[in-house]
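What follows is a short report on a single structure.
The values are calculated or read from the model by the stated rules, or taken from the named source; none is laboratory data. Since the structure is predicted, the reported quantities are computational estimates derived from the model, not experimental observations. Because the Cβ atoms are built from the backbone with ideal geometry, glycine has one as well, and the counts that use them run over all protein chains shown. Quick note on the areas: whole protein, heavy atoms, side chains included, nothing else; ligands and nucleic acids left out. Shrake-Rupley method; radii C 1.70, N 1.55, O 1.52, S 1.80 Å.
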Amino acid sequence: MPEQHPEATFALRPEVYDQLVNWPRRLEREGPFFRQIFEQHAAGRVLDLACGTGHHARLFASWGLTVCGVDGSAAMIAHCRRVHGESAALQWVAARMEALPAFDARFDAIVCLGNSLAMLPNEETVAAVLRAAAARLDAGGVIVLHVLNVGHLPDGPIVWQKARQVTAGGVTRFIVKGVHRAGPRAFVDVAEVPSDAVDDFTHCRSTPVLGVTAEMLRSAFAAAGLQNVTFYGDHARTAFDAAESPNLIAVAAA
Ligand SMILES: C[S@@+](CC[C@H](N)C(=O)[O-])C[C@H]1O[C@@H](n2cnc3c(N)ncnc32)[C@H](O)[C@@H]1O
């Protein structure tokens, strides 16, 4: 499969991304986890880094929190404004996470979810973003990261995760999405089949993403002065197992 830049997979097609995720089910599964963490840390102001189509941000705002959703894709942010609206309690900003040092707002909680951190080019950039995030947190604040645990993938074959029929821009396609690992490198694989050309498998691409590990995050948190680091394997707070857990969820306090 041809490789492409990580952001290109999602940047231009928020409607497609939205239809690939079962949002009611995902938010029902993940919501209680975030609610408990925000309550524990008395969080009132939340930053959602790489907010994508904005559903977490809107959920957090519905709990009475003041939320800022930031995404590097102008198309994603335009979609967020159109679908969720904008108010003093729910704001949208088109900016890359690497631009965080230039932000002057402060937060009680910063989240970066749905493997977005893995779209950064390397470990040094992850560490720099986490350092900048820690600097925007007030004392007692919390950071929550959610990435794919590439360690649980077999080396080689694609693990297909979902297949959906998606209609966007007047075109209906079947989209099949998976992930695979080649040594330490991880890839998101997307095969698109136009519904009027089901034999056409030419629209396949494989996008490299960073294999973010617990060790990588632990050292980045330490360098950023964050503490009380906990790793979970899912949103039910199952302890993280590097070989078995599909997810790596990290929580650290300022
Ligand atoms: C897989 S989506 C996840 C979106 C959302 N957080 C979720 O959990 O569904 C990844 C998002 O990261 C954004 N992104 C990728 N690299 C970024 C960067 N360097 N800065 C800000 N956003 C970025 C993309 O535009 C995309 O919206």
Of all residues in the stretch 109-141 being of a type outside the set (Val, Ile, Thr), under 19 Å from His55 (Cα atoms) and not in a helix (DSSP H, G or I), the one that is farthest from the ligand (Cβ to nearest atom):
Ala109
For Ser87, are the conditions met, namely being of a type in the set (Ser, Thr, Tyr) and open to solvent by 50 Å² or more (accessible area, probe 1.4 Å)?
yes
Given the conditions (1) within 18 Å of the chain's Cα centre (by Cα); (2) β-branched (Val, Ile, Thr); (3) more than 26 Å from Ala133 (Cα to Cα), every one holds for Val212 apart from (3)
Of everything in the stretch 96-108, what is within 15 Å of the ligand (Cβ to nearest atom) and open to solvent by 30 Å² or more (accessible area, probe 1.4 Å)? Give them in sequence order.
Arg96, Glu98, Ala99, Pro101, Ala102, Phe103
By residue number, the members of the stretch 99-118 that are closer than 23 Å to Val209 by Cβ and modelled with pLDDT of 95 or more are Ile110, Val111, Cys112, Leu113, Gly114, Asn115, Ser116, Leu117, Ala118
